[in-house]
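Report on the following structure.
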Amino acid sequence: GAVVSQHPSWVICKSGTSVKIECRSLDFQATTMFWYRQFPKQSLMLMATSNEGSKATYEQGVEKDKFLINHASLTLSTLTVTSAHPEDSSFYICSANREGNQPQHFGDGTRLSIL
Amino acid sequence: SQKIEQNSEALNIQEGKTATLTCNYTNYSPAYLQWYRQDPGRGPVFLLLIRENEKEKRKERLKVTFDTTLKQSLFHITASQPADSATYLCALYSGGYQKVTFGTGTKLQVIP
């Protein structure tokens, strides 16, 4: 089946640091990738839709200058949390699908802890 | 406002019994509905998809029903096993620009 790889799986860093998370589709080309955030015992909240070769579409309330998304190729999207603060600590998950009406394939998430 | 509710935060069931999870939605006209499984610290894994014109879908021990009149989907796991213990998420896709919205999930615990 389709595989989506997310890296790193776990990050601990100091407040003010910028953190980059990578999401790769390993065996298919993904024109669209999605970035989610999940708090403990809560569901996945869509942050943004990443489109290859164009600007990402951010959900209401998500700061695009805070969460920079780059989708430079059909197999790679990156999320950079700029100047991270403790309130940015969360579980970040990416997903991709081959076409708009197909199920999403998720990465294994990145646990981000800001001290 | 649009809302997706999964019947309970947690469900405990005896091994061998059928587990039934519920997903209710309001103010949606979903083109299709999906069910995912999520284990702790992992990303969700796709299980089943059912379209608006389908009543029922099966895959091995899994069965999903979709009632667009009741605005409800039921997810059944027959002959449940401890390995089925996980959080199960329903998700709705309404078409348009491919946005999928997830419910809050039900944590299933199958007791040996």
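All of the numbers you see were taken from the coordinates with simple rules; none came from a lab. These numbers come from a predicted model, not from an experiment. Positions of Cβ are backbone-derived with ideal geometry, glycine not excepted, and every protein chain shown enters the neighbour counts.
Miscellaneous remarks
- Solitary cysteines of the protein assembly as shown, where the nearest other Cys Cβ is not under 4.7 Å: A:13
- Of the trypsin sites (Lys or Arg not before Pro) found in region B:22-62, those that fall in a DSSP loop while having at most 12 other beta-carbon atoms within 10 Å are B:55.
- For chain B, the relative contact order comes to 36 percent (Cα pairs under 8 Å, sequence separation of at least 6).
- Derived scalar couplings between HN and Hα for region A:50-67 equal 9, 10, 4, x, 9, 6, 6, 9, 9, 6, 4, x, 9, 7, 6, 7, 8, 10 Hz in order, rounded to whole Hz, by the Karplus curve 6.51 cos²θ - 1.76 cosθ + 1.60 (θ = phi - 60°), x for Gly and Pro.
- The phi torsions of region A:5-11, fed into the Karplus equation with coefficients 6.51, -1.76 and 1.60 and a -60° offset, translate into couplings of 10, 10, 8, x, 8, 7, 9 Hz, rounded to whole numbers, with Gly and Pro shown as x.
- Residue-wise HN-Hα coupling along region B:26-39, computed from phi with Karplus coefficients 6.51, -1.76, 1.60 (Hz; x: Gly, Pro): 9, 6, 10, 10, x, 6, 7, 10, 10, 10, 10, 10, 10, 8
- Percentage, to the nearest whole number, of Cα pairs in chain A over 24 Å apart: 18
- Pairwise alpha-carbon distances in the protein assembly as shown exceed 22 Å for 52% of all pairs.
- For region B:56-101, alpha-carbon Rg relative to the globular expectation (2.2 N^0.38 Å, N residues): 1.38
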